[in-house]
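Student: One structure is given below, represented as structure tokens, and several questions about it will come after.
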Amino acid sequence: MLIDLHCHTLPRSTCSSLTITSLVEGALRAGLDGICLTEHDRLWPEDEVRAVSRASGLTVLRGMEVSTEAGHVLVFGLDDPPPGMFFARTLREAVTRAGGLMALAHPARSGMPRVDRAALAQLFDTVEAINGSDGLEENRAAAAYLGAVALPGIGGSDCHAPAEIGRAATRLPRAVATEAELVAALREGGHQAVWLTASP
């Protein structure tokens, strides 16, 4: 299964020009099997996501990109944004309680804080090794973080505009239909971050 684990839409991410309709249409054109809506510091309502998935035939799941002092964090498997989520350790505790998964997003991007290997190992399950909006050098540097985390890296387009949809994704060894299944598949470690188009 090919799923983009990093997507942003209006109005929940005001930095995006993508509506949910334009994202879904672009994802289908790009040959994706699924997308994960990772809005900035906000979760989509579960019933809305299920309705989009049913109507489109595309697997649509929820995640969130949280801005913390340790950088931007992709979170999967949370039902509600927890109090204090902007502190990485507080977020980690909530994600652990929920049985979810945390990935450090685009860690080598300019302006992101440097996270040492000990903190990486304590706070994160994996790293976004391919970000479709980052350049080749940033992604190479991100992949170097993988030695400090337990799981293989993930990939996502980090799309905010139509031309960015489907640049990168995560190849899962089996299909998933729910956030819990996504987390379980990632925890198995058989996934791979992949480029779907030429890197920017």
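No value in this document is a laboratory result; all are computed from the given coordinates. These figures come from a predicted structure and were not determined experimentally. FYI the Cβ positions are ideal-geometry reconstructions off the backbone, even for glycines, and counts take in every protein chain you see.
Student: Could you pull out the residue among GLY190, GLY147, GLY153, GLY135 that is touching a helix residue (DSSP H, G or I) at 6+ places or on another chain (Cβ under 8 Å), surrounded by fewer than 16 Cβ atoms within 10 Å (Cβ to Cβ) and over 28 Å from ALA51 (Cβ atoms)? Spell out the reasoning first.
Tutor: Numbers: GLY190 fails: touching a helix residue (DSSP H, G or I) at 6+ places or on another chain (Cβ under 8 Å); GLY153 fails: surrounded by fewer than 16 Cβ atoms within 10 Å (Cβ to Cβ); GLY135 fails: touching a helix residue (DSSP H, G or I) at 6+ places or on another chain (Cβ under 8 Å).
Within the list GLY190, GLY147, GLY153, GLY135, the selection yields GLY147.
Student: Between ALA88, ALA55, ALA94, ALA103, which is aliphatic (A, V, I, L, M), over 18 Å from SER157 (Cα atoms) and in contact with a strand residue (DSSP E or B) (Cβ under 7 Å, 6 or more places away or on another chain)? Give the derivation first.
Tutor: Values: ALA55 fails: in contact with a strand residue (DSSP E or B) (Cβ under 7 Å, 6 or more places away or on another chain); ALA94 fails: in contact with a strand residue (DSSP E or B) (Cβ under 7 Å, 6 or more places away or on another chain); ALA103 fails: over 18 Å from SER157 (Cα atoms).
ALA88 is the lone residue from the list that is aliphatic (A, V, I, L, M), over 18 Å from SER157 (Cα atoms) and in contact with a strand residue (DSSP E or B) (Cβ under 7 Å, 6 or more places away or on another chain).
Student: Kindly indicate whether ALA121 is surrounded by fewer than 16 Cβ atoms within 10 Å (Cβ to Cβ), assigned to a helix (DSSP H, G or I) and of a type in the set (Gly, Ala, Ser).
Tutor: Numbers: surrounded by fewer than 16 Cβ atoms within 10 Å (Cβ to Cβ): yes; assigned to a helix (DSSP H, G or I): yes; of a type in the set (Gly, Ala, Ser): yes.
So ALA121 fits the description; yes.
Student: Give me the pairs: first residue in segment 10-22 and among the β-branched types (Val, Ile, Thr), second residue outside any loop (DSSP other than H, G, I, E, B) and surrounded by 16 or more Cβ atoms within 10 Å (Cβ to Cβ), beta-carbon distance under 6 Å, and six or more apart or on different chains, which are they?
Tutor: Partner pairs satisfying both residue conditions: ILE20/VAL52.
Student: Kindly provide the set of residues from segment 95-138 that are touching a residue at least 60 places away in the same chain (Cβ under 8 Å) and among the β-branched types (Val, Ile, Thr), ordered by number.
Tutor: Across segment 95-138, the qualifying residues are THR126, ILE130.
Student: Considering each residue of segment 93-102, count those that are closer than 16 Å to HIS72 by Cβ and part of a helix (DSSP H, G or I), and give that number.
Tutor: Number of matching residues: 1.
Student: To continue, here is another question. If you check ALA198 against the conditions, is it without any contact (Cβ under 8 Å) to a residue 24 or more places away in the chain, of a type in the set (Gly, Ala, Ser) and either farther than 17 Å from LEU61 by Cβ or touching a Ser or Thr at 6+ places or on another chain (Cβ under 7 Å) (or both)? Can you show your working first?
Tutor: Values: without any contact (Cβ under 8 Å) to a residue 24 or more places away in the chain: yes; of a type in the set (Gly, Ala, Ser): yes; either farther than 17 Å from LEU61 by Cβ or touching a Ser or Thr at 6+ places or on another chain (Cβ under 7 Å) (or both): yes.
Judged against the criteria, ALA198 is a match.
Student: Any chance you could count how many residues in segment 46-92 are part of a helix (DSSP H, G or I), surrounded by 13 or more Cβ atoms within 10 Å (Cβ to Cβ) and either in contact with a Pro (Cβ under 6 Å, 6 or more places away or on another chain) or acidic (Asp, Glu) (or both)?
Tutor: The number of residues fulfilling the criteria is 2.
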